[in-house]
Amino acid sequence: MDQAAPDRQPDQEPQPRSEGPEEAPAVPGVPSGTAAAVPAATASPSGTATAATASTAAIPARSWLVLALLFGIHTLIEADLWLMAAVLPEVKQELTLDETDAAWLPTVLLGAAAIAAVAAGYLADWMRRPRLLAVAMGAWGLAVVGTGLARTFDQVQLARATTGAGGAAGIVVAMSLLVDVFPRRLRGRALAAFFLGMPAGALVSLGIRAAVPVQAGWPAAFLTAGAPGLVLAMLAIFLPHPVRGASEPVDSMRLRLHEYFGPSQEDYVDLMVNSSFNYGLLGLAFSAFAVAGLAYWLPPFLAAKGMAPQTAGRLAITILLAAAAVGTVVGGWLADTFGARRPGRLFLLPGIAMLAAIGCVLVLVYARSEPWINLGIFLTEYALFLVVAPCFTIIAGVTMPSMRGVAFGVALAARHVLGDLWSPTIMGWVIDTFAQRDSMATPFGRVLAALGALPHTHRGQEPQNLTAGLLLIPVVLLVGGIVLLAGTRHLPRELALMIAKLRAAPSRRAS
């Protein structure tokens with residue numbers, strides 16, 4: 001692995017290059033005059049020759065240690081989210097919150113996470129990432145502990161917002177490090193292992209709930225969850241800081257020049273109009289929309305079909321976690337396998353998975369026997385999680401290493417802002433609106449009635465049209481699948497373009 005590159009601060013002014021076509025500035029860590037001598041790569045744009053040589057190289061042990069630590073960080077971040085979902089009724093009761101205030105707590109966390117993800121991504125492109133990761137996890141750990149110490153709604157709001165910001169920053173910086181620590185041929189699987197932190201976090205939250213005495217209440221659970229985060233924050237300081245782009249088939253001297261100058265204003269504009277980046281980002285957002293909507297509304301849907309409410313909730317969560325684990329692993333493996341042969345298949349894989357999930361949703365909605373319903377749920381969520389690793393692999397592949405932090409930050413923010421932040425609310429509006437007679441009397445209501453989406457009253461509650469809400473998911477999946485398939489024709493060209501830009505001389509002046 002290359003030696004650590006020098007720190008760069010956002011306000012540091014890079015030295016201009018001389019006007020000679022082959023001269024470059026003296027970059028720390030790069031001997032004077034060597035930048036001009038960096039030869040143009042002779043391998044193919046996809047890096048086949050270099051990748052073939054790298055494929056035989058053993059992965060250093062410290063790369064696996066980095067992955068283990070980053071996985072632990074992601075697991076703790078996810079454990080906190082599951083923990084709050086589990087204890088929210090207790091929080092609501094102790095702080096005497098109404099339904100609106102209780103629902104606001106997850107919303108404020110996701111909103112803060114979306115904002116912090118972009119800011120942390122920018123900083124990750126300029127600062128030493130281990131230090132930034134340590135700061136993010138330190139803030140996260142203190143905020144989780146602060147949640148347990150909070151005694152008013154305002155204090156809980158502040159703690160949850162800080163938790164969301166610290167967690168999002170930690171995830172973005174961790175992904176930026178991860179793609180430089182592992183070679184391109186293992187990128188999809190490395191990202192998949194990292195994202196296994198979601199189901200692992202759910203299991204950790206269950207362990208915390210079981211370990212904390214009932215008499216201690218929900219505050220003790222957050223104190224227990226937050227303390228390990230502070231330990232991981234201290235360990236993060238000692239992580240390696242490879243040169244940005246260390247996993248790419250490009251000379252390390254050229255990588256250091258690009259890292260020193262950083263991205264220009266034109267580079268950011270190019271990223272925002274990059275077709276593969278935008279299609280991958282939208283694919284992640286559509287997937288998150290469907291996952292969050294199903295996670296929220298499947299338990300009442302199963303209860304409406306005659307299942308006991310507690311059993312319905314446990315079953316929905318169990319299937320979600322199993323499907324998440326299997327789908328994430330398979331998605332990472334397929335991303336590396338297909339991407340190495342034909343890069344365009346990186347979009348083909350998640351696109352087909354998302355379109356196939358439409359039929360699985362229809363099975364879970366219309367099936368009458370419990371085994372078929374469970375199978376439909378599993379296959380739907382399996383396909384949705386299969387999308388994650390390929391899409392992030394695409395985003396890493398088409399983005400210059402010196403701005404991958406921003407790319408990952410924008411992608412994570414889009415998952416929240418366009419996906420899971422609003423999907424339960426939007427589906428809830430459909431469920432409530434088309435539970436009314438006047439809405440069902442409209443032409444669209446009659447179409448829903450023809451599809452079997454009829455209002456239903458369950459155990460004295462207000463009428464709901466849960467089927468109508470779930471039928472919104474196939475529409476989202478159809479649009480998402482088409483978007484992902486549309487990226488197939490752009491990806492090979494934009495992957496090659498990124499490598500070509502990385503092999504060329506960097507911009508004269510960073511923005």
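The values are calculated or read from the model by the stated rules, or taken from the named source; none is laboratory data. Just so we're clear, the structure is a prediction, and the values are computed from it rather than from any experiment. Ideal geometry is used to build each Cβ from the backbone, glycine not excepted, and the neighbour counts take in all protein chains shown.
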Going through Gly397, Gly428 one at a time, which residue ends up being at pLDDT below 95 and farther than 30 Å from Leu105 by Cβ?
Gly397
Selection within the stretch 210-242 - surrounded by fewer than 18 Cβ atoms within 10 Å (Cβ to Cβ) and either touching a Pro at 6+ places or on another chain (Cβ under 8 Å) or not assigned by TED's automatic domain parsing to the domain that holds Arg129 (or both):
Ala220, Ile237, Phe238
Long-range neighbours under 7 Å by Cβ, at least six apart or interchain, first residue under 15 Å from Pro390 (Cβ atoms) within the stretch 262-291, second of a type in the set (Asp, Glu) and surrounded by fewer than 23 Cβ atoms within 10 Å (Cβ to Cβ):
Ser276/Glu494; Ala288/Asp420
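With the structure loaded, tell me whether Ala453 is outside any helix (DSSP H, G or I), in contact with a Phe, Trp or Tyr (Cβ under 8 Å, 6 or more places away or on another chain) and buried (at least 21 other Cβ atoms within 10 Å of the Cβ) or whether it fails that test.
yes
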Identify, from the list Val179, Val135, Val145, Val173, the residue that is in contact with a Gly (Cβ under 8 Å, 6 or more places away or on another chain), under 24 Å from Gly405 (Cβ atoms) and either assigned by TED's automatic domain parsing to the domain that holds Ala413 or among the β-branched types (Val, Ile, Thr) (or both).
Val173
What pairs can you find where one residue is in the stretch 114-131 and surrounded by 18 or more Cβ atoms within 10 Å (Cβ to Cβ), the other is β-branched (Val, Ile, Thr) and in a loop (DSSP other than H, G, I, E, B), and their Cβ atoms are less than 6 Å apart, with a gap of 6+ or different chains?
Pro130/Ile237
Any residue in the stretch 198-209 that is under 21 Å from the mean Cα position of the chain (by Cα) and in a loop (DSSP other than H, G, I, E, B)?
no
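Those residues that are among the hydrophobic types (A, V, I, L, M, F, W, C), closer than 18 Å to Ile73 by Cβ and out of contact with any Asp or Glu (no Cβ under 9 Å at 6 or more places or on another chain), I need them from the stretch 219-260; list them, please.
Ala227, Leu230, Val231, Leu232, Ala233, Met234, Leu235, Ala236, Ile237, Phe238, Leu239
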Can you tell me which condition Ala389 does not meet? The list is (1) buried (at least 24 other Cβ atoms within 10 Å of the Cβ); (2) within 20 Å of Leu478 (Cβ to Cβ), and all the others hold.
(2)
Which members of the stretch 132-159 meet the condition of being among the charged types (D, E, K, R) and either at pLDDT 95 or above or in a loop (DSSP other than H, G, I, E, B) (or both)?
Arg151
Using the structure shown, decide if Ala383 is touching a residue at least 24 places away in the same chain (Cβ under 8 Å), in a helix (DSSP H, G or I), within 19 Å of Ile473 (Cβ to Cβ) and among the small types (Gly, Ala, Ser).
yes
Any chance Asp420 is touching a helix residue (DSSP H, G or I) at 6+ places or on another chain (Cβ under 6 Å), of a type in the set (D, E, K, R) and under 20 Å from Tyr296 (Cα atoms)
yes
Hey, Leu298 under 21 Å from the mean Cα position of the chain (by Cα), assigned by TED's automatic domain parsing to the domain that holds Gly487, hydrophobic (A, V, I, L, M, F, W, C) and at pLDDT 90 or above or not
no
Inside the stretch 93-107, can you point out the residues that are crowded, with 17+ Cβ neighbours inside 10 Å and over 17 Å from Tyr296 (Cα atoms)?
Leu97
Would you mind finding the one in His258, His241 that is touching a residue at least 60 places away in the same chain (Cβ under 8 Å) and either of a type in the set (A, V, I, L, M, F, W, C) or not in a helix (DSSP H, G or I) (or both)?
His241
Is it true that some residue in the stretch 160-167 is part of a helix (DSSP H, G or I) and under 21 Å from His241 (Cα atoms)?
yes
Take the conditions among the small types (Gly, Ala, Ser), assigned to a helix (DSSP H, G or I) and either touching a His at 6+ places or on another chain (Cβ under 7 Å) or surrounded by 24 or more Cβ atoms within 10 Å (Cβ to Cβ) (or both) and apply them to Ala414. Does it pass?
no
Residue pairs, Cβ under 8 Å, 6 or more apart or interchain, first in the stretch 75-97 and under 23 Å from Val172 (Cβ atoms), second among the basic types (Lys, Arg). List them.
Leu83/Arg209; Met84/Arg160
